[in-house]
Amino acid sequence: MTKVATREAYGQALAEIGEEIKEIVVLDADLSGSTKTAIFAKKYPERFFNMGIAEQNLMSTAAGFATCGKIPFASTFAIFATGRAFEQVRNSICYPQLNVKIAATHAGLTVGEDGATHQSIEDLAIMRALPNMTVINPADGVEAKKAVKAAALHKGPVYLRFGRMAVETIFDEDYDFQIGKGEILKEGTDVAIIATGIMVGEALKAAKLLEHDGVNAMVVNIHTLKPIDEEIILKAAECGAIVTAEEHTIIGGLGSAVAEVLAEKKPTPMRKVGIKDQFGQSGKPDELLKLYNLTAEDIVKAAKEMK
Amino acid sequence: MSELSYDAAFLRKKAFNIRKHIITTVVNNGEGHAGPALSCADILSVLYMGIMGEDDRFILSAGHKCLALYGALVEKGVVDRSVLDTYNQLGSPVPGHPDMTKLPGVEFSTGSLGHGLPLGCGLALAAKMQNKNYKTYVLMGDGEQGEGSNWEAAAFAAQKKLDNLVAIIDENGLQINGTTKEILKPTSYEARYGSFGWAVKVVNGHSVEEIYETLSSAPFEAGRPSLIVAKTIKGKGLSFAENNVNYHHWNPDKEEADKALAELKALEKGCM
């Protein structure tokens, strides 16, 4: 099975859609080799701007572009996009509902060796809290590409979360991606695993492991954390038990979003697989996922706790 | 000075009208950011009534000075004066900080300091990219020069040779807790922006002639962004508020309100 990092897919998608969507301009804070906007920059140098290591100006300049009929993609690492420049994103992009796409890479623990300062584990919570913001966290390269195109065509602010590490491809090229729509990847009746981003692959593995033990698990992919697909969450709740899985703190991310829906509409026993209110650290991505209990085995364990 | 190609008396009269809108709105409403708005009334009069063309863009970075912007938009005929009667009320198009989604003529929603110059970089860069001739004017306060985002933008604008960007600092020397000099102004703005590669001029920010002549000569140098440091008096036009840090935000009592309205009358005669 092919492995592609979602940031790689992002860079390729930008360069592809840049051909047909001429309004796209790309701004980056001196990380274009890492965020993969360099692919676009090479193809369309006149539509690419390296803003320097200056993330506040990155976001505000993008906002300025948006008022001039452009579709700016502003890219840097997730930690800087949502942390350093938070208030520019809030007040100069979300509040006036400007058509800016914040495409952040190197999200989550799987940044790896760079360690805690560069591992954004709270970006989904921060972005989800902003009115007018659409929040998308793709699971693989195919979904990432489709998400980039959908975001470019969507009017309004969008946060796109991409990872550094290559991940297995889950979706076929003909997969129909729609902002705000989750999908059931595997039907099941005993427990539902709702996952986002790179944890979708782990959720599918977990379902297989559970099957060996006679547990029939449903697997749901939630790529859009906001607006969240309530309908599919309520359908998953019919299994009577839910496990959420995300490469993000369990505070304010997918687990919280699902709990918010269930608490009001269909209280259901649930467990959250995610980072347990702590910072990351340096290490290899796979070692970190194990250490922080973000593997298929951890999902299986959480599912069995409710049986 | 060359022969004037504009009507200074007209610009002074418009500046007075802007001050009148500021003062009467705060008196009627009971509170508002009067001091900072009065500080920049002459600058806004010249920009809106003398300098800016249809396509030019304006960003009020220090959004709390919005009463001056609202006043200028009224004088320009973009919005009706009656809109000021709703100042700061629920659902009003003229809230305490300007909102581009609520009032025509407001180019950007501002309020948080240090956002205007970076936003201006986007507008100026987009103009260059699209071969458009409009200029982008950004009016900043002096206190907000403490925000680091301005210095990201200052470097970027110079790096990209954004000579279609014209920034103005309304330098009244006061911020909320005291003077800029005692709080966070170790060197002049002229020196700082100059060292970043900007072309800088200093004017009397209450002289419509100086403001007009200087603004109309921008860009001061091809290939450089322009900065005008306008030396102003916070609260200008209200004797008791002038240069007084306590009138940043003004809650007039009856006595002050009467005095302010009486001074307005005297001011009106002065600018005829």
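Against the longest alpha carbon principal axis of chain B, how many degrees, from 0 to 90 and to the nearest 10, is the axis of helix B:116-129 turned? Taking the Cα atoms of chain B, the angle to B:116-129 is about 50 degrees.
Using 1/(1 + (r/R0)^6) with R0 = 30 angstrom and r between the beta carbons of A:Asn293 and A:Lys265, what's the FRET efficiency to the nearest 0.05? Given R0 = 30 Å and the Cβ-Cβ separation, E is 0.60. Peptide packing: for B:119-125, B:147-153, the average count of neighbouring Cβ atoms within 10 Å per residue gives the ranking B:119-125, B:147-153, highest mean first.
The stretch A:183-304 has equivalent-ellipsoid semi-axes of 21, 17, 12 Å, by the square roots of 5 times the alpha carbon gyration tensor eigenvalues, sorted largest first. What the Cβ-Cβ distance of A:Lys284 and B:Val78 gives, at R0 = 56 Å and to the nearest 0.05, is a FRET efficiency of 0.40. Note on B:Asn251 and B:Lys269: the extension gain reaches 3.9 nm, defined as 0.36 nm multiplied by sequence separation minus the Cα-Cα distance. Loop sites here are chymotrypsin sites (Phe, Trp or Tyr not before Pro) outside DSSP states H, G, I, E and B with no more than 14 other Cβ atoms within 10 Å. The longest part of chain A free of them is A:1-174. Label-to-label distance for A:Thr117 and A:Glu23 is 3.9 nm, based on points extended 7 Å past Cα in the beta-carbon direction.
Which of A:Gly33, A:Gly83, A:Gly283 ends up with the largest GNM mean-square fluctuation for chain A, with Cα atoms connected below 10 Å? Its mean-square fluctuation being the largest, the pick is A:Gly33.
If we count other beta carbons within 10 Å of each Cβ, what is the order of A:Tyr95, B:Tyr193, fewest first?
A:Tyr95, B:Tyr193
Sparsely packed loop sites in the stretch A:223-306 (the trypsin sites (Lys or Arg not before Pro) outside DSSP H, G, I, E and B with at most 15 other Cβ atoms within 10 Å) comprise A:Lys276. Once the Cα atoms are used to define both axes, helix A:254-265 deviates from the longest principal axis of chain A by about 60 degrees. log₁₀ I(q)/I(0) of chain B at q = 0.16 Å⁻¹, via Debye over equal Cα point scatterers, no solvent, to two decimals? The Cα Debye sum returns log10 ratios of -1.24. Cα centroids of the stretch A:251-307 and the stretch B:213-272: 58 Å apart. Reducing the stretch A:1-37 and the stretch B:40-83 to their Cα centroids gives an inter-centroid distance of 40 Å.
Residues within the reach of a label modelled at A:Asp277 (point 7 angstrom out along Cα to beta-carbon, backbone nitrogen below 12 Å), restricted to the stretch A:223-265, are A:250-252.
Diffusion coefficient (Stokes-Einstein, Kirkwood radius over C-alpha pairs, 25 °C, 0.890 mPa s) for chain A: 129 µm²/s, rounded to a whole number. The trypsin sites (Lys or Arg not before Pro) of the stretch A:112-203 meeting both criteria, a DSSP state outside H, G, I, E and B (loop) and at most 15 other C-beta atoms within 10 angstrom of the site's C-beta, are A:Lys155, A:Lys181. Cα centroid separation, the stretch B:156-175 to the stretch A:115-186: 37 Å. Helical runs (DSSP H, four residues minimum) scored at -39500 (n - 2.57) apiece and divided by the length of chain A put the mean residue ellipticity at 222 nm at -10000 deg cm²/dmol.
Eigen-decomposition of the gyration tensor built on the alpha-carbon atoms of the stretch A:3-168 gives equivalent ellipsoid semi-axes of 20, 18, 15 angstrom, largest listed first. Tally Lys/Arg at +1 and Asp/Glu at -1 over every other residue whose Cβ is under 13 Å from the Cβ of B:Cys121; what's the total? Combined, the nearby Lys, Arg, Asp and Glu give +2.
Using the basic label-point model (7 angstrom from Cα toward the beta carbon), what is the B:Asn177 to A:Glu168 distance in nanometres? For the pair B:Asn177/A:Glu168, the computed spacing is 5.6 nm. Between A:Cys68 and any residue 5 or more places off or on another chain, the built amide H atoms are never under 5 Å apart. Between 0 and 90 degrees, the angle of helix A:55-66 with respect to the longest Cα principal axis of chain A falls at about 80 degrees.
I'd like the mean, over residues of A:90-100, of how many other protein chain beta carbons sit within 10 Å of each residue's own Cβ.
Per-residue shielding by partner chains comes out at 4.
State which entries of A:Lys3/A:Lys42; A:Lys186/A:Lys272; B:Lys20/B:Lys259; B:Lys102/B:Lys236 exceed 22 angstrom in Cα-Cα distance in the structure shown.
A:Lys3/A:Lys42; B:Lys102/B:Lys236
Return the aspartates and glutamates within reach of A:Lys290: Cα separation strictly under 18 angstrom, same-chain partners fewer than 8 residues apart disregarded; answer none if there are no such residues. Candidates past the 8-residue exclusion: A:Glu113, A:Asp114, A:Glu168, A:Glu202, A:Glu246, A:Glu247, A:Asp277, A:Asp298. Taking a straight Cα-Cα cut-off under 17 Å and skipping sequence neighbours fewer than 8 places away in the same chain, the lysines within cross-link reach of B:Lys135 are B:Lys160, B:Lys161.
Per residue of A:64-76, other chain Cβ atoms within 10 Å of the residue Cβ number 4 on average.
In terms of overall dimensions, the protein assembly as shown has a Cα radius of gyration and Dmax of 27.3, 93 angstrom.
None of the figures in this text is laboratory data; all of them are computed from the coordinates on show. Remember, it's a predicted structure, so these values are computed and weren't measured experimentally. So basically every Cβ, Gly included, is an ideal-geometry build from the backbone, and we count neighbours across all protein chains shown.
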